[in-house]
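I have placed the structure first, in the form of structure tokens, so that the comments after it can refer back to it.
Read the figures in this text as sums done on the coordinates, not as results from a lab. Computed from a predicted structure; not experimentally measured. Note: ideal-geometry Cβ built from the backbone for every residue, glycine included; neighbour counts use all protein chains shown.
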Amino acid sequence: MNAYTEFLENRAREIYPEDDIDYSQALMEVVNMFRHFDEALDTFLAEHGFTGNRSDVDEKISYIRTKFARADIQPPRNMKKWYTEHKRIQKETAIRICFAFGLTVEESEDFMRRICLLRGFDCHNVEEVIYFYAISNRLSYSEARELIAGVPKVNVGKIDFDKEVLYTSAIVEEIRRFKNPEELTEYISVNIRQFGYNNATAYKYIRDMWKEISAEGGLAATERRKLYIEFNDTDIVIEEQAQGTEEDSDRNGRKGQSGLEGQTERIGRTDRVDWKGGTGSKGRADRQDRAGKSGDSLWEIYLQILGLAGNRITRLGTDRSLKPILRDNELLHAWAEDSFPSRVGLEKILNGEHVSEELVHKTILLLVFYRFWVKSALRNHSYQAKNGDTYRCTCEINKYLMDAGYPELYPGDPFDWIILHAVENDFPLLVFREYMQELFYVKESDINAKYAET
């Protein structure tokens, strides 16, 4: 592990919401620590023969062009913008770099994960399965393109789980047995319908977990009934709403999300709940027992997972989107915003519709994380982690990710870091929800102003 990832991993472990620190400030500092693609690329170039001046953009671009020329590959356009505008690259460009630098499959996977923050080869994608085969067998980029031109075009569609599904692991197993390119192209041609979708394994995992989470009497319903505390305004506001009064109230208080006894104060906040006790009568009185009913919507359960279910964000219910909270939030890196699991994305996955690789990646990561810790909380009647839980959770997340063809948790990925930050703390699910509520607090006044105008 290099110094960059080691620092981020340590910060994930050190920052704790209830410590005597400015939690928001600490999170903001981490957001600003994530490196841009060009900074990560500099590290890669140094590891692969560049000995020039790392501050000289033209010299670095010239070195990259030389690599492409030697591999007889057309270089990417606008490389200078990688440095002047911190532009990220598309996956096709990343793969071309892998060919140009003569990387192995393992080195290519590492480059896409660590430098580009991309998924490795998706062997359910016709082009990428051919690239995977080509790099595995030391074929050139031009030879790979010739193979791509020789296979049928794919009609992209939904995954129909009622029919036979060809999973990525089966494809990879077949590819490793092929002795020549002709066997590969024949295999693709025969199974071309099965290449009309991707992420089949990930979709299956997400669908199965969602059934377990969202079922009547499932994990979310049971948590809502036994432990979860609504993300509401102060008790005064809740009481006034119940009585139907229309008096103005102070809406600056913030309800805690731990479901634990006792209260503590922090600068700028009131009505926070101490994380050190057990479930108390006050917490039970605050719960709205809507759980266990089949009427709980995907949106409501999604909010509960994030710790945002309650009357505090009722105004967002019209659009059922967290974009007003996530967009340009100083506590959320732009790359994490782009791939943040969404209600729309989850619905599409459950319907077998196509969504981006990164959205699938982060959705499966979020659901494995929630399922692990809510099971632990219900089993132990406490959100506190037990000895060995951190290791077991990390292993379970990585197993699901790797089975679905995605990389393991990486501290240098802004969304992965959020999950690692939660997992490394004593109350993982609560720390994650505390972070989500911090995102809301940053945008609360903007949201109130926006909806006051409508």
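Odds and ends about this structure:
- Net lengthening on full extension, E85/N387 (0.36 nm per residue, minus Cα-Cα): 104.2 nm
- Chain lengthening between H354 and S136 when straightened (0.36 nm per residue, less Cα-Cα): 75.7 nm
- Net charge, I188 excluded, C-beta distance under 12 Å - Lys, Arg +1, Asp, Glu -1: -4
- At R0 = 51 Å, FRET efficiency that the Cβ-Cβ distance of R320 and E107 yields, to 0.05: 0.75
- The label-point distance for E29 and N2, in a model that sets each label 7 Å from Cα toward Cβ, rounds to 2.3 nm.
- Counting Lys and Arg as +1 and Asp and Glu as -1 over every other residue whose Cβ lies under 10 Å from the Cβ of L41, the net charge comes to -1.
- Peptide ranges 35-43, 364-372 listed from the most packed, as the mean C-beta count within 10 angstrom indicates: 364-372, 35-43
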